[in-house]
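Participant: So that we are looking at the same thing, I have put the structure below in structure tokens.
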Amino acid sequence: MDEPLRIWGKLLLRLGLVLLALGLVPVLAVGTILPEVDPLIPVLLSLTVAPLGALALVAALILFLAALARRPPKGPS
């Protein structure tokens, strides 16, 4: 029964990593590679998308911990 929790955990982990990358990579790129470009769009991305990525990562961690807690104990059978 813990298989759906692991699947959702993996999916949320991937989603969180993608959202964090979409939020943080443009800010780093504008700050280092293109400093003369107006940073409004990358800053807005970092303020809106990156927190959602962090929340998805926290939710994935909670699902992985729930899957570990629901695993049946291995004993002699």
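Participant: Out of Pro42, Pro76, Pro4, I need the residue that is in a loop (DSSP other than H, G, I, E, B) and on the phi < 0 side of the Ramachandran plot. Which one? Working first, answer last.
Facilitator: On the way: Pro42 fails: in a loop (DSSP other than H, G, I, E, B); Pro4 fails: in a loop (DSSP other than H, G, I, E, B).
Just a single option satisfies the conditions, and that option is Pro76.
Participant: Out of contact with any helix residue (DSSP H, G or I) (no Cβ under 9 Å at 6 or more places or on another chain), assigned to a helix (DSSP H, G or I) and without any contact (Cβ under 8 Å) to a residue 60 or more places away in the chain: which single residue out of Ala69, Ala56, Ala21 fits that description? It would help to see each step written out before you state the result.
Facilitator: Values: Ala56 fails: out of contact with any helix residue (DSSP H, G or I) (no Cβ under 9 Å at 6 or more places or on another chain); Ala21 fails: out of contact with any helix residue (DSSP H, G or I) (no Cβ under 9 Å at 6 or more places or on another chain).
From the options Ala69, Ala56, Ala21, the qualifying one is Ala69.
Since every read-out is calculated from the coordinates, none of them should be taken as a lab result. Fair warning: this is a prediction, and the values are worked out from it, not measured in the lab. Neighbour counts run over all protein chains shown; Cβ positions are idealised from the backbone, glycine included.
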